[in-house]
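**Student:** One structure follows; several queries about it will come next.
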Amino acid sequence: AAAPGPVAVRTTKNRRGWTDLATRAFADWGPELGALRHTLEASAAVAQVLCVASLDGEDVGVAGLAVYDDLALLVSGAVLPAFRGRGVHTALLGARLALAHALGATRAALKTVPDSAVERSSRHFDFARTGIRKRVRREAA
């Protein structure tokens, strides 16, 4: 089989399609798909730019971008499990940074799990870990 072509990244206004692909890409994170979809719908609603990545014409990843003053927030980057490890997330990061720069951002931030593939991708663009946030769950009383 031929090697896959380069990753193509485009913007979209289709929030529903973006959310559907994001939900599929994040589906291996756990059984709470309803809560996950709700979170992704919220991300799509606040993002100023939604990106979709394709390999050989197939949509395989998504990411969002919001710019506030000079700060770009890179949100909800996700790649379908079968396409991970092929540079898709790195391409989404690069595309969002270029878009952010065009929108006037001089700084960028993202949130990820420590030592994750996303953190490793971010190092291609000289991101540095600045803190670790812990989540605490309370069981219903």
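**Student:** Being touching a helix residue (DSSP H, G or I) at 6+ places or on another chain (Cβ under 7 Å) and in a loop (DSSP other than H, G, I, E, B) is the filter; apply it to region 114-128 and report the residue that is modelled with the highest pLDDT.
**Tutor:** F125
Listed here are the residues, each with its yes/no results for (1) touching a helix residue (DSSP H, G or I) at 6+ places or on another chain (Cβ under 8 Å); (2) small (G, A, S); (3) on the phi > 0 side of the Ramachandran plot; (4) modelled with pLDDT of 95 or more.
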{"position": "F26", "(1), (2), (3), (4)": "yes, no, no, no"}
{"position": "W29", "(1), (2), (3), (4)": "yes, no, no, no"}
{"position": "R37", "(1), (2), (3), (4)": "yes, no, no, no"}
{"position": "A45", "(1), (2), (3), (4)": "yes, yes, no, no"}
{"position": "L50", "(1), (2), (3), (4)": "yes, no, no, yes"}
{"position": "S54", "(1), (2), (3), (4)": "no, yes, no, yes"}
{"position": "G61", "(1), (2), (3), (4)": "yes, yes, no, yes"}
{"position": "A66", "(1), (2), (3), (4)": "yes, yes, no, yes"}
{"position": "L80", "(1), (2), (3), (4)": "yes, no, no, yes"}
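**Student:** Could you tell me which numbered condition G61 fails, if it satisfies all but one of (1) open to solvent by 80 Å² or more (accessible area, probe 1.4 Å); (2) under 11 Å from the mean Cα position of the chain (by Cα)?
**Tutor:** Just one mismatch for G61, condition (1).
**Student:** Here's something else I'd like to know. Conditions: (1) assigned to a strand (DSSP E or B); (2) open to solvent by 40 Å² or more (accessible area, probe 1.4 Å); (3) at pLDDT 95 or above; (4) aliphatic (A, V, I, L, M). V75 meets all but one. Number of the miss?
**Tutor:** The one condition V75 does not meet is (3).
The values are calculated or read from the model by the stated rules, or taken from the named source; none is laboratory data. These numbers come from a predicted model, not from an experiment. Every residue, glycine as well, gets a Cβ built from its backbone with ideal geometry; the counts of neighbours run over all protein chains shown. For accessibility, only protein heavy atoms count, side chains too; no ligands or nucleic acids. Shrake-Rupley method; radii C 1.70, N 1.55, O 1.52, S 1.80 Å.
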